[in-house]
Amino acid sequence: MNSIRFDTQTITPSKVVCIGRNYVDHAKELNNEVPTSPVIFLKPNSAICNELYAGTEQTLHYEGEIALLIIGGEIAGAGFGLDLTNRDIQNQLKEKGLPWERAKAFDRAAVFSAFVPLTQPLESLRLELDINGARAQQGGYPLMIFKPEFLLQEISRFFTLEDGDIIMTGTPKGVGAFRQGDQFKGSIFSCDTLLVSQEWTAQ
């Protein structure tokens, strides 16, 4: 089973609950409708990874996200997450009205920084993603269509959230393809205070 770091602990999530199309500009950049209720899909524990791997057969896309760690049914920590996507397969599945798992839930498709205890207000959270030294994505709580408090309540209606499970809260505009050798730096802030930052070189 794959694990993540939370403060000084090693935690094994049972699943990652992902929210799609949670930023208006991101929905528009992929020509998707802006949802009226959360778009929810899952990634299994086998998708969790702390290294960044580029596709070998088909190009993968990155989606930087604020990731929230659940303990005791509450949001206990925050980290930076990359929701890796095989966009070609996803587009084919979407055209046929089929589930996205083949494009979203493959091995090493959920890349995480370490998680830190969350003592700051949720509404202060924001993310930045730099790739090869240039800003690729930025966004946060004010731009989310569905806020984390509501997402926790809505997800809990359908799934039992075990201790250590992760909610990926959606990605702002700026997603795109990446290749081996690309340098990533993902950061989570509370207003202007850096909470956690992680660098990866795509393998």
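Bear in mind these aren't lab numbers, they're just calculated from the coordinates by the rules spelled out. Source: prediction; values computed, not measured. Note: ideal-geometry Cβ built from the backbone for every residue, glycine included; neighbour counts use all protein chains shown.
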Using alpha-carbon positions, what is the distance between the centroids of the range 76-128 and the range 132-165, in Å? 9
Taking the Cα centre of the chain as origin, sum charge times position over the Cβ atoms of Lys and Arg (+1) and Asp and Glu (-1), and report the length of that vector in debye to the nearest 20. 380
Would you mind checking the pairs Lys15/Lys96; Lys96/Lys185; Lys28/Lys94 and listing those with alpha carbons more than 24 angstrom apart? Lys15/Lys96; Lys96/Lys185
Could you work out the helix-only [θ] at 222 nm for the chain, with each DSSP H run of four or more residues adding -39,500 (n - 2.57) and the total divided by the number of residues, to the nearest 500 deg cm²/dmol? -3500 deg cm²/dmol
Pop out the ³J(HN,Hα) list for the range 109-118 in order, Karplus 6.51 cos²θ - 1.76 cosθ + 1.60 with θ = phi - 60°, rounded to Hz; leave Gly and Pro as x. 8, 10, 9, 10, 6, 5, 9, 10, x, 9
Which GluC sites (Glu not before Pro) from the range 19-117 combine a DSSP loop assignment with at most 11 other Cβ atoms within 10 Å? Glu33, Glu51, Glu57
Once amide hydrogens are built 1.01 Å from N within the peptide plane, the residues lying 5 or more places from Asn22 or on another chain with amide H under 5 Å from its amide H are Thr171
Cα gyration tensor shape for the range 124-173, rounded if a/c is under 1.5, else prolate or oblate: prolate
DSSP bridge orientation in the chain - percent antiparallel, rounded to nearest 5: 90
Order by neighbour count: Val196, Val34, fewest other Cβ atoms within 10 Å first, most last. Val34, Val196
